[in-house]
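Reviewing the structure listed below.
The values are calculated or read from the model by the stated rules, or taken from the named source; none is laboratory data. Given the structure is predicted, the values throughout are model-derived calculations rather than measurements. When we count neighbours, we look across all protein chains shown, and the Cβ atoms used for this are built from the backbone with ideal geometry, even at glycine.
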Amino acid sequence: MSSDIENEYFCDGITEEIINALTKVKGLKVIARTSSFAFKGKDVDIREIGKQLSVNTILEGSIKKAQDKVRITAQLIDVVDGIHYWSKKYDRELLNIFELEDEISLAIADEVRNNFGHFELQEHLIKQPTNNIDAYQLFLKGRSLQLKWTPESIKEAITFYNQAIALDKNYAKAYYANLQCYGLLAMWGYMPYQEAMDLAISNLLIAKEIDTSLPEYPLSYVGKFFWEEWDFKNAYLHINKVLEINSNHIDGLEAMAELFIALGFFDNALQYANKLLEVDPLSANNYYTLAHIYYYQGKYEKALEKVNYALTLNPQLELAHHLKCFCLIWLNKKQAFISHILNTTLIEEKKLLFSLINENAVTVPQQIIDKWNINSPNQTMLVPYDAFILSNSNHSDKGFLRLKEMINHRRGQVINFRQEPFFKPLHNFNGFLDLHQSNLVLKDFKPLQIEQEESHSILLDNQQINTLKEELLSYFKEDEPYLNPQLTLKFVADVLGLNTNKMSYLVNQAFDVNFNDFVNSYRLKHFKTIALDPKNSHLTILGLAYDSGFNSKSVFNTYFKKTEGITPKAWLKANS
């Protein structure tokens with residue numbers, strides 16, 4: 001939420017930084033940028049957002065930037081009842097933006113932990129990427145353009161990344177961003193391939209000398225090994241390195257799913273595709289990936305269902321349009337097929353492919369083959385209709401030669417050629433099995449258990465827990481710290497001589513509740529005592545709640561009803 005349209009790139013960039021920071025907290029499920037941003041600027045009921053994203057809590061806020069000042073407000077909202085159980089406003093110098101991002105991220109994680117149970121928190125979640133705030137703002141402008149994913153926006157993004165680098169020669173993230181942009185322009189054919197790759201490699205060589213701790217470092221090798229060289233073993237090793245840095249890294253998860261698709265390991269590919277949808281459930285690209293797995297398994301109805309949903313999320317996703325076309329061909333749904341391809345490109349090729357698969361056609365008109373031959377060898381269709389058509393016609397030998405040529409050039413369009421149903425007529429050709437041999441064999445492959453819950457570290461042994469439990473109970477009985485509405489986990493931890501991770505662990509292990517419920521149980525008991533005292537009959541219920549340490553009417557009413565099963569007013573009437 002922000003009316004600061006002029007600085008939208010800045011607001012979006014800060015939001016993404018906080019999302020990325022929170023994903024580093026093990027045990028905390030955080031929805032990725034694409035799905036979170038789907039609700040930006042929209043008036044959608046909090047409960048509906050929670051349902052669509054499968055989350056308990058919504059983080060909502062606003063950012064305003066004016067000259068060298070920044071104001072950030074943030075609040076955590078329970079999706080069940082809409083309670084704002086935490087909110088805070090931060091006014092800072094823009095110069096301290098990285099410290100502020102870190103402070104906010106830690107505060108958010110801490111409050112979620114206080115309300116939902118123990119997980120461990122690092123001391124810091126955000127590392128300062130540059131000392132130059134102007135370079136940072138230029139980087140965020142570049143990032144906002146890159147995420148539009150058009151050739152023009154990516155080229156413009158590079159100009160901003162270069163400006164950021166000019167202000168800070170050690171800005172590793174800007175070099176890695178350039179590397180990704182040039183790699184995309186090379187693969188899409190919007191720059192001369194070798195020129196773009198040379199620029200990508202020069203950015204990588206500089207970036208790796210500055211910082212190899214970022215997930216972008218191993219990810220940059222994934223593109224090289226997987227898509228450029230089809231070196232599946234090295235791609236697998238480097239994807240694992242990305243996921244070791246951040247187990248929910250979207251590009252890492254997607255790359256692993258794509259790798260398993262290329263290998264034909266569909267069960268493993270589904271694991272990663274489902275993990276992608278867990279952390280980014282409104283991403284059209286993720287539904288396209290899932291649909292692709294079902295397509296290669298021959299489950300065309302299921303693939304069609306998923307690709308249709310991908311297109312509702314992003315009607316401009318061109319690869320999804322092609323995949324829907326293929327599903328309709330294999331399902332022989334001619335009317336739906338004709339309707340779908342209206343006003344699209346390559347209509348002649350699409351109709352011919354449908355005819356070859358479903359209408360016993362075998363002949364390819366010479367003029368269409370001539371049209372393909374006129375095109376430069378460096379020009380490649382986003383989807384290889386030419387190879388598909390030739391392979392399913394009386395020119396299957398030419399289809400085999402076309403496929404072989406594309407594999408020799410390591411064209412990404414045919415990386416899944418073994419799984420592609422349109423290439424089945426070529427499987428019996430002499431030499432098909434030798435077109436490309438994966439160097440990732442079973443002995444190298446260790447499937448990741450990505451859905452396993454990580455067990456918590458044992459921060460305190462049983463003896464320590466029992467001793468500290470007695471100390472905590474004694475402190476709450478004698479000092480009544482719960483009467484302070486601003487009481488924090490850190491304050492209690494300091495009293496007991498613990499850090500916040502151990503304090504959270506103690507409450508969770510000793511009482512099987514989260515910190516806020518532990519404190520509120522004392523506040524509720526105190527409220528009941530003073531509410532039934534005749535000398536307080538002139539005070540309101542809310543006044544008594546505040547005197548008991550509750551700092552919010554909604555939090556008090558919700559906790560009371562959750563615990564007692566009735567409202568405070570009904571309880572007081574029944575017990576007076």
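In the condition set (1) part of a helix (DSSP H, G or I); (2) more than 27 Å from THR558 (Cα to Cα); (3) not aliphatic (A, V, I, L, M), GLN52 is compliant with all but (2). For the stretch 135-153, a tally of residues being at pLDDT 95 or above and more than 15 Å from GLU16 (Cβ to Cβ) returns 2.
Which residues, counting only those in the stretch 297-308, are out of contact with any Cys (no Cβ under 7 Å at 6 or more places or on another chain) and either among the acidic types (Asp, Glu) or buried (at least 19 other Cβ atoms within 10 Å of the Cβ) (or both)?
GLU301, GLU305, LYS306
I'd like the residue in the stretch 197-232 that is small (Gly, Ala, Ser) and surrounded by fewer than 18 Cβ atoms within 10 Å (Cβ to Cβ) and, out of all such residues, is farthest from LYS24 (Cα to Cα). Of everything passing the filter in the stretch 197-232, SER202 is farthest from LYS24 (Cα to Cα). Pairs needed: first member in the stretch 534-546, free of Cβ contacts under 8 Å to residues at least 24 places away in the same chain and surrounded by 12 or more Cβ atoms within 10 Å (Cβ to Cβ); second member anywhere, in a helix (DSSP H, G or I) and among the β-branched types (Val, Ile, Thr); C-beta distance under 6 Å; at least 6 residues apart or different chains. So the pair list comes out as ASN536/ILE530; LEU544/ILE530.
Inspect all residues belonging to the stretch 367-385 and state whether any of them is modelled with pLDDT of 85 or more, crowded, with 16+ Cβ neighbours inside 10 Å, under 23 Å from GLU318 (Cα atoms) and among the hydroxyl-bearing types (Ser, Thr, Tyr). Scanning the stretch 367-385 turns up at least one residue that is modelled with pLDDT of 85 or more, crowded, with 16+ Cβ neighbours inside 10 Å, under 23 Å from GLU318 (Cα atoms) and among the hydroxyl-bearing types (Ser, Thr, Tyr). Do we have GLU258 as under 25 Å from LYS224 (Cα atoms) and either aromatic (Phe, Trp, Tyr) or surrounded by fewer than 23 Cβ atoms within 10 Å (Cβ to Cβ) (or both) here? For GLU258, the condition - under 25 Å from LYS224 (Cα atoms) and either aromatic (Phe, Trp, Tyr) or surrounded by fewer than 23 Cβ atoms within 10 Å (Cβ to Cβ) (or both) - is not met. Filtering the stretch 83-99 to residues that are among the basic types (Lys, Arg) and more than 27 Å from the chain's Cα centre (by Cα) leaves only ARG92.
Selection of the stretch 405-431 for residues being modelled with pLDDT under 95 and assigned to a helix (DSSP H, G or I) yields GLU405, MET406, ILE407, ASN408, GLY412, GLN413, VAL414.
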